[in-house]
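The values are calculated or read from the model by the stated rules, or taken from the named source; none is laboratory data. Quick caveat, the model's predicted, so the values are computed rather than measured. Cβ placement follows ideal geometry from the backbone for every residue including glycine, while neighbour counts extend to all protein chains displayed. Accessible surface is based on the protein model in full, side chains and every heavy atom, while ligands, DNA and RNA are left aside. Shrake-Rupley method; radii C 1.70, N 1.55, O 1.52, S 1.80 Å.
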There are 2 protein chains.
Amino acid sequence: MKRRFYLNKKDLEETVGIYFNELKDYFLKDDIEYIKAREGINRITALPIIANENVPSYNSSAMDGIAVISKRTYGANESNPVILEKGKDFEYINTGYPINNPYDSVIMIENIEIIDDGHVQIRNSVYPYKDVRKVGEDICKGEMVFPRYHTLTSSDISFLMMAKVFEIPVIRKMKILLIPTGNEIVKPEELTEEFQIPETNSLMIKNYLEHFNAVVDINEILPDDINIIKNIIAEKIKEYDLILLNAGSSAGSKDFTYHAINDLGKVIIHGINIKPGKPAVLGIVNEKPVIGLPGFPVSCNIIMEDIVKPLILNKTKYEIYYDNEIIEGISAKRIHSSITEKEYLRVGVGKVGENYVAIPLKRGAANISAISKQDGIVYIEKGIEVVEDGEEVSIHLKRSKKLIDNNILIIGSHDLLLYLLADFVKKYDKNINIVSANVGSLGGILSIAKGYSHLAGMHLLDPETGEYNISYIKEYMDDFKLMNLSYREQGFIVQKGNPKKIKDFEDLTKDGVRYINRQKTAGTRILLDYNLDKKGISPKEIHGYSDEEYSHVNLALKIKKDMADVGLGIRAAANIYNLDFVPVALERYDLLIQDSFLNDKRFELIMNIITSNEFKEEAEKLGGYILKDTGKIWEVVK
Amino acid sequence: MKRRFYLNKKDLEETVGIYFNELKDYFLKDDIEYIKAREGINRITALPIIANENVPSYNSSAMDGIAVISKRTYGANESNPVILEKGKDFEYINTGYPINNPYDSVIMIENIEIIDDGHVQIRNSVYPYKDVRKVGEDICKGEMVFPRYHTLTSSDISFLMMAKVFEIPVIRKMKILLIPTGNEIVKPEELTEEFQIPETNSLMIKNYLEHFNAVVDINEILPDDINIIKNIIAEKIKEYDLILLNAGSSAGSKDFTYHAINDLGKVIIHGINIKPGKPAVLGIVNEKPVIGLPGFPVSCNIIMEDIVKPLILNKTKYEIYYDNEIIEGISAKRIHSSITEKEYLRVGVGKVGENYVAIPLKRGAANISAISKQDGIVYIEKGIEVVEDGEEVSIHLKRSKKLIDNNILIIGSHDLLLYLLADFVKKYDKNINIVSANVGSLGGILSIAKGYSHLAGMHLLDPETGEYNISYIKEYMDDFKLMNLSYREQGFIVQKGNPKKIKDFEDLTKDGVRYINRQKTAGTRILLDYNLDKKGISPKEIHGYSDEEYSHVNLALKIKKDMADVGLGIRAAANIYNLDFVPVALERYDLLIQDSFLNDKRFELIMNIITSNEFKEEAEKLGGYILKDTGKIWEVVK
């Protein structure tokens, strides 16, 4: 066998670039398997996961105390206690237990005075749903629990259980075959002669790689015989996703790795400009990677860390979590906190311009989604009552900063296409997550103006001009760019068969019609108020006008659960629960763009996604979306 | 059952302090088991691990090329090539293969010109042991591979195999029993009725904790019955190291955890000033921890992360590695690097005063110890030839910065007591590692003067005064404090039975006596040179004067392997290999102390350790140590 010398050694980054580019198709193809969700720790979702159940699945008590009828508590105060009768005005209730009709609110145990077995006295009134966890508070049936390519943590598994997702599609673990070669090497425990070489690299390689969602089988030790080595590679590459040879990657007279790969397939790289680590062979056989690792352990370790590990992460989409870094950022919201307790505020984090922005996630002790979505925790120390909007905060990261730097923040009006977008973005770049928050259309404009988000969704009709969004944005910003995501149908979401016969806004005032509203900053709320005003209907005439939900889906769920008869919302939300829908308007839903995000590669990716046929088709399946102007941009300059 | 309210809620840090203090004895007792080293990934050493074999175990080639007799290459240069004959002057050799007598050096394949099958031509001479990995280069038999409480990584396992350590004492995995309680909770897959509560926390808890070297068994779900709960705790606490109850930790009418623990043992804390997470019960039954976790998942998660996880890490001594942080530091050494390759330089790191100091570890591709010992990697980019001593470098951390902040750097003269000290320090504080480097006594003084280390070992005799160390230090520093570690016997390390009859320095010049020397900065070398000078012996008269080793143990190993007959070194090194020892001097070995380290709690710990009887007894067992002045301090002021 002729000795080889390294020709054209390349730098490591260049090497990885060239090699991974040759493996492009290999990386694109996902190998999917279905497993039990309860066994899914550290596995990676292969497709978006949709909730099969509302979390929580019924209205439940958030406290130990008594379930009450809120109306019966009105008027109670320090000097005028109200006495409640058990079985008539209240029932004792423990945390997590259901709130059943006619009860609609909870008073915590610390705030009641027990008079006798049948009576208690209270000195504070409560509003409806006080200390009640509303059905679907954490997530609604039909909503996306995780996009594809999400690495499942311990709390994620619990979250799936709560959402009644018991089987999940995941990326199959990578199957790696490690072939030790060399006439003189033997298992270390079996060393008998003085000059035998202990085969110790296999253990290092196996233990190291199995940490990253791979299964490593160790072949028996092969002799320095090129035909034997070739035969094994040719046979095993059918069954394995990656073959590693160790050693024989160098230029010695018995280093057959180069020749074996070259005969069976193609050597892409031999020799890298690093020290240690130079003698590595990177090849492709049967469109799969075959790598010759250097024999010296430190060299081997470097190739493992800087080439094999990234290869596995690229193929399996595995994310490694860290939790030891603290960064400085700003709060995107004003936060009230308890003066007597230290609060753990879970936040999504994104880098907008030069700032890290912390977006508070759901704060309730029961909302496990906040753990699943967290990028970090902001500790609000005891004694601090308020963290101001824009105030500097220390963020204790729970994911690696490098990945958080890729996060895209979308804050504003809620829309189901944002879930779809989140999944598509992962599909094309597993390292990008979308962090979204529903604060309504007006909240979205402010989040862009203050530099708190990259994009903001909105659908605000200017009744005077018939134009959407632009006149509202102008009140806060002189120059801006706005991009259309979709048109969408707004209308009355009603029970199947529309039993209350809701056809127009006047019908909302009818006797026995229970309305469910959106919050004040929502564009849908503005649409309602505009129509009421136009028709001279007073909000007081509408039963339930003051009951608010924060998303289309939560609103639809309330109707599905017969807690209301009608609400204004989008058709796609009605479709999730198989409810009926009475169209009212076709509105324009746009994304306002942060200046510094315009020339960002991630923005380019989003543009490519939303204008693709693949995305449009999936969007239209949701119902009520018309994507004729998607990607169209309006530029406003002073 | 009476309802309870939280009395005297405490802050989290205070809570952990009080609770862990009550568990002091529990934490102190290690549960040890012996396992196969090859199955030791992520396990924690329970005792110091000693090498059973030298690594490498014989002189071996570091390159593919030819093994030569170095003398026969002398005189070769560009214009005067030397022709070598196969079988007489050279043999072909592959990386890792043994160098056998009479060969003593290697020429890499790229540097030879093949004339015919039996002859090659070279144009460069080589010195002895060029490109030879010397026996024991990475570690010597008898040296400590790891102190106790070291969490084993993938490369550590390979290192153990190389050092022929096949069975190891490790901390037994913690056995945890998780007991879900509650009448209404059921396995999520078995939900049938609307208001049942899915038992989803168990999965979160089990998956989360098993990541930290624990085994979590899940009990069947228990009803809300205090007697049943008490019976299970009382029975299972005999077998488990920790019991977790979930939920029932709150103050509701069915929250029995408090009462169950109180009846069986002692509740230390009920209620913490955090949000979420308030309703936790921390108790002790049978001197073991029993914890009531809150039922809401976010609350439960916080108690797990901030109380149960630290409890497990304290009990098992498990260290979690990270690898994503980059810090700025300074190089403690001048480093030459290849201009054509990017070098991965593994470093130990410590914080001395305000600076992070990077101590280069062994650089050879074969030296796996460098991976085991690394705190981080400094990348020396292609094109950079030299990193100056004191130059700023970026350190890519491989261990958490918090732990690295605890590292104690001891740079200077080599002594076996430093291994002992490293293990004792871990024993009393698992979070403190000693990073040591052998640069000789003079190198040690410089490392303190330049701010590169916390402590420096030295044993430099001033022949004029008979005093040790002080006059040498004064050349570099005006004010300093010096502490005695031990007196130790220096002498001639010789073959068993002293066949060459070495009794004094004159005997070193005898015919047929092969000497092995220490490097120029070593105090032992200075001791030799001083005596030769006094006796009028020229170094030229000593065969092997220019052969150098960097530690007492490597020197002794060379004699053991019959590669030399005698060397000057400490008795403890002779004892390791059962060699004979001829005493020459009793010298004082002191530690010079960095100013900023004097008031450090870690210095206090070291003082307490070295002055303890336990340490002294262990030290004296090594042989040749006299600890009569240990801990004595000399203060020198200008």
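Remarks
- Taking amide H positions as modeled 1.01 Å from N, with prolines and chain starts lacking one, the residues under 5 Å from A:Gly567 and 5 or more places away or on another chain are A:Ile493, A:Ile516.
- For the chain pair B and A, the buried solvent-accessible surface (1.4 Å probe, both sides summed) amounts to about 7700 Å².
- Contact order normalised by residue count of the stretch A:60-133, Cα under 8 Å, 6+ apart, percent: 48 percent
- Surface per residue (accessible, 1.4 Å probe) for the stretch A:274-315, Å²: 21 Å²
- Helix-only arithmetic for chain A: the sum of -39500 (n - 2.57) across DSSP H runs with n ≥ 4, divided by the residue total, places the mean residue ellipticity at 222 nm at -6500 deg cm²/dmol.
- Calculated FRET value between B:Asp529 and B:Val637, using beta carbons and R₀ = 25 Å, to 0.05: 0.20
- Note on B:272-279: average number of Cβ atoms from other chains within 10 Å of each residue's Cβ is 6.
- All-pairs Cα distance distribution in the stretch B:60-133, expressed in whole percent, bin size 10 Å: 24, 60, 16, 0
- Remark: the protein assembly as shown projects, on average over all directions, an area of 57.0 nm² (convex hull of Cα atoms).
- Projecting label points 7 angstrom from Cα along Cα→Cβ for A:Lys540 and A:Asp31 puts them 7.0 nm apart.
- The packing ranking of peptides B:606-613, A:154-161, B:279-286, highest mean first, is A:154-161, B:279-286, B:606-613, where packing means the average number of other beta carbon atoms within 10 angstrom of each residue.
- Probe 1.4 Å - accessible area at B:Asp25, Å² to nearest ten: 120 Å²
- Remark: mean inter-chain Cβ contacts per residue of B:52-62 equal 2, using a 10 Å Cβ-Cβ cutoff to other protein chain atoms.
- Heavy-atom surface of the stretch B:118-165, accessible at 1.4 Å and reported per residue (Å²): 27 Å²
- Largest to smallest accessible area among B:Ser338, A:Ser79 [probe 1.4 Å]: A:Ser79, B:Ser338
- Peptide packing: for B:486-497, B:91-102, the average count of neighbouring Cβ atoms within 10 Å per residue gives the ranking B:486-497, B:91-102, highest mean first.
- C-alpha center-to-center spacing [the stretch B:314-336, the stretch B:345-390] in angstrom: 10 Å
- ³J(HN,Hα) computed for each position of the stretch B:349-365 - Karplus, 6.51 cos²θ - 1.76 cosθ + 1.60, integer Hz, glycine/proline x: 9, x, 9, 10, x, 9, 9, 8, 10, 9, 9, x, 9, 4, 9, x, 5
- Relative contact order computed over the stretch B:326-405 (Cα-Cα under 8 Å; 6+ residues apart), in percent: 44 percent
- Taking 7 Å steps out from each Cα toward its Cβ at A:Asn100 and B:Lys474 produces label points 9.3 nm apart.
- Cβ-derived FRET efficiency at R0 30 Å, B:Asn227 paired with A:Lys88, nearest 0.05: 0.30
- The stretch A:592-616 versus the stretch A:241-309: alpha-carbon centroid distance in Å: 39 Å
- Distance from the alpha carbon centroid of the stretch A:412-428 to that of the stretch B:161-210 works out to 34 angstrom.
- Rounded to whole numbers, the Karplus 3J(HN,Hα) couplings from phi for the stretch A:97-104 are 7, x, 8, 9, 3, x, 6, 9 Hz, using 6.51 cos²θ - 1.76 cosθ + 1.60 with θ = phi - 60°, and x at Gly and Pro.
- Ranking A:Arg571, A:Arg148 from most to least accessible surface, computed with a 1.4 Å probe over the protein chains only, gives A:Arg571, A:Arg148.
- Rounded to the nearest 10 square angstrom, B:Leu191 shows an accessible area of 40 square angstrom against a 1.4 Å probe.
- Computed over protein heavy atoms with a 1.4 angstrom probe, the accessible surface ordering of B:His552, A:His396, largest first, is A:His396, B:His552.
- Computed over protein heavy atoms with a 1.4 Å probe, the carbon and sulfur contribution to the accessible area of the stretch A:468-617 reaches 45%.
- In the stretch A:247-338, GluC sites (Glu not before Pro) in a DSSP loop with at most 16 other beta-carbon atoms within 10 Å: A:Glu287
- Loop sites in the stretch A:332-378: GluC sites (Glu not before Pro), DSSP, at most 11 other Cβ within 10 Å: A:Glu354
- Estimated inter-spin distance, A:Thr340 and B:Glu210, nm [label 7 Å along Cα→Cβ]: 4.0 nm
- Calculated FRET efficiency, B:Leu598 to A:Glu193, Cβ-Cβ distance, R0 = 45 Å: about 0.25 to the nearest 0.05.
- In a DSSP loop and with at most 12 other Cβ atoms within 10 Å, the GluC sites (Glu not before Pro) in the stretch A:1-88 are A:Glu78.
- Chain B: equivalent-ellipsoid semi-axes (sqrt of 5 x gyration tensor eigenvalues, Cα, Å): 56, 29, 22
- The relative contact order of chain B comes to 11 percent, based on Cα pairs under 8 Å that sit 6 or more residues apart.
- Considering only chain B, percent of DSSP beta bridges that pair antiparallel, nearest 5: 75 percent
- Here's the picture: charge each Lys and Arg Cβ at +1 and each Asp and Glu Cβ at -1 in the protein assembly as shown, and of A:Ser372, B:Tyr26, B:Pro198 the one pushed furthest to the positive end of that dipole is B:Pro198.
- Note, ³J(HN,Hα) from phi for the stretch B:469-479, Karplus 6.51, -1.76, 1.60, rounded to Hz, x at Gly and Pro: 6, 4, 5, 5, 5, 4, 5, 10, 9, 8, 10
- Basic side chains Lys and Arg get +1 at the Cβ, acidic Asp and Glu get -1 at the Cβ, and with that the dipole of the protein assembly as shown about its Cα centre reaches some 800 debye.
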